[in-house]
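Reviewing the structure listed below.
The values are calculated or read from the model by the stated rules, or taken from the named source; none is laboratory data. These numbers come from a predicted model, not from an experiment. Here the Cβ positions follow ideal geometry from the backbone for every residue, glycine too, while neighbour counts run over all protein chains shown. Please note that ligands, DNA and RNA were not included when accessible areas were found on the heavy atoms of the full protein model with its side chains. Shrake-Rupley method; radii C 1.70, N 1.55, O 1.52, S 1.80 Å.
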Amino acid sequence: MADTLFPFNRKLLSNLTEAILFVNQTGIVLAGTNTAYTLLNCPMHSVSENVENYLDFAKLKSAEGRTCILPLKHETSNFFEMKCILVNEGVYGVILKPLTVQDGSSYRLDDNSKDCDGLLIVANDEILDCNESFANMFQYSKKELKEKRLNDLLQFKTNLTDRLWWKELESALITGNKKDGSPIYIQVIDYSNHNVKEGAKILLVKNITDQIRNEKRIEYMAYYDELTDLPNRNFFMKMLQEAIVKSKQEQTQLAVYFLDIDYFKEINETLGYSFGDKLLKALSHKLKTFLDADTFIARIGGDEFLLLQHGITSKEHSVMLAEELIAEFEKPVKIEEHDIYTSISIGISVYPSNGTSPESLLTHAQSAMHVIKEKHRNNYKMFETSISENFKSMLTMESDLRKALQKEQFELHYQPQKNLITGEIVGMEALLRWNHPEKGYIPPLDFISLAERTGLIIDIGDWVMYEACRQNKLWQGGGYDPVIVSVNLSAKQFHQKDLVSKIQHILNETGLEPKYLELEITESMAMTNEKYILNTLQQLRELGVLVSIDDFGTGYSSLRYLSVFPVTKLKIDKTFMDDNQIQNKAIVKSIIHMSHSLNMKVIAEGVETEEQIAFLKEENCDEMQGYFLSKPLPPGKLVHLLSTG
């Protein structure tokens, strides 16, 4: 059986001087060299003997192909370099090599880790011997290493003439240099015993350079921004906490600046994200010029940065730095062939008056930044208590707004529109109302802008569209004369890619014919992104839906756009119905005549007096709406107008 498994000529084997054993997968000795039998103190040419009686074959086999340092079971003071290699199916070769120094003494080793891949024998700082793994680790030959001192390879804190110098090495992290000068990180373990020659040590060496680099990389990622090399939010909050402790002890103030790049989103969308990254790097260099012993700068993400200023004496002190930052960012930055002009909005909070914790200071600085960004941009804002109160109120309203849609708190009121020639009711404008369970009716001006900012306007707008179409079809089903229902579209709604298909779906679901739905868009919306707007308007008109321009006269319209856009009606803004302004009548006349020349109808809103109606009739205005006819009412209170209209 053993002869069948053993693949080598036994006569050849008996002439080898190396210590080699061949065993099967369970450890049964198949054959070996005389040297191997002698080292193991095993009967010569013994077969069927289990090698497990002499060494830990299971551990050796699990580390197949790698060098292990193992003792013999019957003589634990002697250790060997051992390697197990699969040479044939079911047959392993075990190579044994005693660990020796120049005088032939053996040394005791403990196999604490099979991952250690270098062996070094030293006396003081003299390298007596090493294995190939250690030599390769440092990119030297074994001969070259024996001519070097340990000090030439490794960086020590302890003097090597100290009798216990090696204690620094034991299980420690040591930095060294390879032959090419590149750094290497190693861990060493002392594997010597009490029988060794005084001063000599056997050390197992593990190359942990990749591990250290990975740890440093992870640490970098935890505390730094990869794009700009600036500290990140985590690092900033750590430094801010330390600064607060110091300020508290020294009874000083500090300031937190929250910086946001104005119009960065537009730059990204226009010139591309890689261009935006280059701009962020350039702006980071600007910020780094403000670094000194009293400042710390970080990138929190996107186009937002943080700056910490120690030791300020007053709020005016922090204002001076804010003004310097704004002035610096107004200077152009050259990216590729572009000169980019930027500006920043800055929110400032001061310790301890605006907060005593890192989170509160950061939150308050951010709140102040949002306030100035919405109003002015390219400016700064010191935090005030009212900002926090307004922000909390906004958060509460946002939460309530989300619930309102789920709990059906929204209603539609309708304001009738009258044909000035026939006197008939020809349309209804759908107007959103929020009937809050605790606060009652909340005016649209108080929540529409919030719905826009949060994106809730999309879901709310879908509900308004569906409900207006459903109600109009319900009136028609009740036998009333058909009227057009008009629905206002926000900019976010109008720029939905699936707007036309969504409207078609609503019309199909409610059964309302397209000619009885009119969509109102603002003048400013109609005059931006001409190609996209024109394409969308044409699709809506092909669907059969009517389109009107709301608040006409308040924006900056182009007559060329009006002549191209398939708009069916212009709505004169109610500000032009003010009788106290003489020029208003001239403006209204011009709008009416221009609309008719472009084959559009015109409707005046905000009509409140008989004099206004007389004027509109005289100028051949087509339709009107306003409190003179009716204020916006819920559907049930409009039936009398529909039935008598």
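A few comments on the model shown:
- Part-to-part distance (alpha-carbon centres) for region 275-289 and region 473-504, which is given in Å: 47 Å
- Extension gain (nm, one decimal) between Asn234 and Lys439, 0.36 nm per residue minus Cα-Cα: 69.7 nm
- Across region 353-394, no residue has a backbone nitrogen under 15 Å from the label position 7 Å along the beta-carbon direction of Glu316.
- Measuring against 31 Å, Cα to Cα, the residue pairs Lys439/Lys585; Lys373/Lys601; Lys288/Lys381; Lys59/Lys201; Lys381/Lys403; Lys502/Lys571 contain Lys439/Lys585; Lys373/Lys601; Lys381/Lys403 as the ones spanning a longer distance.
- Mean Cα-pair separation over length for the chain, i.e. relative contact order, pairs under 8 Å, 6 or more apart, %: 6 percent
- Highest average first, the peptides 246-257, 596-607 ordered by how many other beta carbon atoms sit within 10 Å of their residues are 596-607, 246-257.
- For the chain, the mean residue ellipticity at 222 nm estimated from helices alone is -11500 deg cm²/dmol, where every DSSP H run of n ≥ 4 contributes -39500 (n - 2.57) and the total is divided by all residues, rounded to the nearest 500.
- Spin-label pair Thr575/Ile85, simplified geometry with 7 Å Cα→Cβ offset, distance in nm: 9.1 nm
- Reported label for calculated Cα Rg over 2.2 N^0.38 Å given [x] 1.28; [y] 1.65; [z] 1.42: [y]
- Fraction of beta bridges assigned by DSSP in the chain that are antiparallel (%, nearest 5): 75 percent
- If you plug the beta carbon distance of Lys148 and Glu374 into 1/(1 + (r/R0)^6) with R0 = 51 Å, you get a FRET efficiency near 0.15.
- Here is the list for region 328-383: GluC sites (Glu not before Pro) lying in DSSP coil, each with at most 15 other C-beta atoms within 10 angstrom of its C-beta, are Glu330, Glu336, Glu337.
- Inter-label distance, Ala293 to Thr356: 2.9 nm, where each label sits 7 Å from its Cα along the C-beta direction.
- Stokes-Einstein diffusion coefficient of region 423-553, Kirkwood radius over Cα pairs, 10 °C, 1.306 mPa s, in µm²/s: 101 µm²/s
- Mean accessible surface per residue for region 267-345, computed with a 1.4 Å probe while every protein chain stays in place, in Å²: 49 Å²
- Take every pair of alpha-carbon atoms less than 8 Å apart whose residues are at least six positions apart; their mean separation over the length of region 562-629 yields a relative contact order of 34 percent.
- Sequence-distant aspartates and glutamates (8 or more away, or on other chains) whose Cα lies within less than 17 Å of Lys146: Asp103, Asp125, Glu126, Asp129, Glu132
- Probing with 1.4 Å while keeping every protein chain in the model, the per residue accessible area of region 422-497 equals 46 Å².
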